[in-house]
């Protein structure tokens, strides 16, 4: 992990911060902060980022600004045994980047086939309709992981990054009661 040691990462976990590279240095930021600061992604391409953010905001409005792409990208860059992605918990075989790349490619391929444009280029109502289709079964032109499974994993990641913070708990009206209280708000 370069200059970031395990203790720093464990401390960061208590702060809901993850290690990102900014200007050649490893720093701890929340996915929201990394998104707001425009931290470059390590694994996902620009097109994959656009597709993932459009999917995330369709599944859960606000997921983009919560740093969904930065969260997924950062988790794709760590050792698979330490990944917090839902794909790991559900038994997807590493490297997890292959799963996300194939799912995002399938999303865009089938969107182009059905609508003549990528998923991110669709109007919000068309995106919602398309997501409802992939939730149920693979649309024509889909390749990659089964679309309902990709939908489920992507939705889980969006929920984690959006609601898995002190502010997220407040949005839900649930008291945040951690085993270890964070030193600062996320």
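A few notes on this one:
- Computed FRET value (nearest 0.05) for residue 143 with residue 89, which takes r as the C-beta separation and R₀ as 30 Å: 0.80
- Its DSSP H runs of at least 4 residues, each contributing -39,500 (n - 2.57), put the calculated 222 nm mean residue ellipticity of the chain at -16000 deg cm²/dmol, to the nearest 500.
- Angle between the chain longest axis and helix 96-115 axis [Cα atoms, degrees, rounded to 10]: 30
- Relative contact order of the range 46-148, defined on C-alpha pairs under 8 angstrom at six or more residues apart (%): 28
- Cα→Cβ-extended label distance, 7 Å offset, between residue 117 and residue 42, nm: 3.5
- The Cα center of the range 161-177 and the Cα center of the range 75-121 differ in position by 26 Å.
- Relative contact order of the chain: 22 percent, from C-alpha pairs under 8 Å at least 6 residues apart in sequence.
- Helix 124-136 vs. the chain, principal-axis angle (Cα, 0 to 90°, nearest 10): 90
- Highest-fluctuation residue, 158, 63, 89 considered, GNM on the chain with Cα pairs under 10 Å: 89
We did not get these values from a lab; they are worked out from the coordinates using the rules stated. Every value quoted in this text rests on a predicted model; they were computed, and no experiment measured them. No Cβ is skipped: glycine too gets one built from the backbone with ideal geometry, and neighbour counts run over all protein chains shown.
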